[in-house]
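**Q** Got a structure here, written out as structure tokens. Questions coming.
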Amino acid sequence: MPSEPKIALFDLDGTLVDSDVALIAPFEALGVTADRMPPLGLPLGEACALAGVRVDDYLARYDPSVVQPFPGVDALLRGLPRWAVCSNKARDSGHRELERLGWKPELALFSEDFDGKPKHLPPVLDALGLEASGVVFVGDTAHDRACAAAVGATFALAGWNRRAVREPADIVLRHPAEVLDLLG
């Protein structure tokens, strides 16, 4: 009996959307210098604490219109029957971006859904009624890789993001359409 197709879970920033400029601009507007700039991909509260700014001040300067999908992502998502988002982004910003782009994941969990801690996959798997063997987690950071490893899920690196750093054991995707090859 053939196995069920896998379902794609995606990180948002740096994986589905090119958001680096939008994520950095509020820090710069608040006077955060390069030596105090937090790494991209952290939960917002943690990033703001490292930079020494208030979350509300950051969000007041965040411009989601700057965020754009990576080439090929929109076509991929519109063709997937099931997919979900697991992101460290603030929930309100994440939902607004998904809505603006017309994307309708089956589930989207954001920083507040993880109590402000770094994202992790068990709540996503539970909400979708899936085992780790039934998903592919596509991301762009070491934390995304660790999320997949922690539950035994397949990890694929969003190699279309120029700042994604490959590890020797990674499945590296050069184009979003390559996700389909992993879903079976």
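**Q** So for the stretch 129-136 (the condition being more than 19 Å from residue 72 (Cα to Cα), within 16 Å of the chain's Cα centre (by Cα) and surrounded by 21 or more Cβ atoms within 10 Å (Cβ to Cβ)), does at least one residue qualify?
**A** Looking through the stretch 129-136, at least one residue is more than 19 Å from residue 72 (Cα to Cα), within 16 Å of the chain's Cα centre (by Cα) and surrounded by 21 or more Cβ atoms within 10 Å (Cβ to Cβ).
**Q** While we're here: Considering 148, 90, which residue is surrounded by 19 or more Cβ atoms within 10 Å (Cβ to Cβ) and within 25 Å of residue 26 (Cα to Cα)?
**A** On inspection, the qualifying residue turns out to be 90.
**Q** Which condition does residue 125 not pass, out of (1) in a helix (DSSP H, G or I); (2) out of contact with any Leu (no Cβ under 7 Å at 6 or more places or on another chain); (3) within 19 Å of residue 17 (Cβ to Cβ), if it passes all the others?
**A** (3)
**Q** Moving on to the next point. Return the pair list, or none, for Cβ contacts closer than 6 Å from residues in the stretch 138-161 that are within 17 Å of residue 180 (Cα to Cα) to residues that are assigned to a helix (DSSP H, G or I) and charged (D, E, K, R), at least 6 apart or on different chains.
**A** Here the result reads 155/145, each pair linking the stretch 138-161 to a residue that is assigned to a helix (DSSP H, G or I) and charged (D, E, K, R).
**Q** Considering only the stretch 71-83, I want to know if a residue exists there that is in a loop (DSSP other than H, G, I, E, B) and either β-branched (Val, Ile, Thr) or under 24 Å from residue 165 (Cα atoms) (or both).
**A** The answer is yes, given that some residue of the stretch 71-83 is in a loop (DSSP other than H, G, I, E, B) and either β-branched (Val, Ile, Thr) or under 24 Å from residue 165 (Cα atoms) (or both).
**Q** Could you tell me which numbered condition residue 119 fails, if it satisfies all but one of (1) crowded, with 19+ Cβ neighbours inside 10 Å; (2) assigned to a helix (DSSP H, G or I)?
**A** The failed condition is (2).
**Q** So for the stretch 140-149 (the condition being at negative phi, outside the structural domain of residue 49 (by TED's automatic domain parsing) and touching a helix residue (DSSP H, G or I) at 6+ places or on another chain (Cβ under 6 Å)), does at least one residue qualify?
**A** So far as the stretch 140-149 goes, no, none of its residues is at negative phi, outside the structural domain of residue 49 (by TED's automatic domain parsing) and touching a helix residue (DSSP H, G or I) at 6+ places or on another chain (Cβ under 6 Å).
The values are calculated or read from the model by the stated rules, or taken from the named source; none is laboratory data. Predicted, not measured: the structure shown is a model, and the values here were computed from it. Cβ coordinates were reconstructed from backbone atoms using ideal geometry, including for glycine residues, and neighbour counts include every protein chain displayed.
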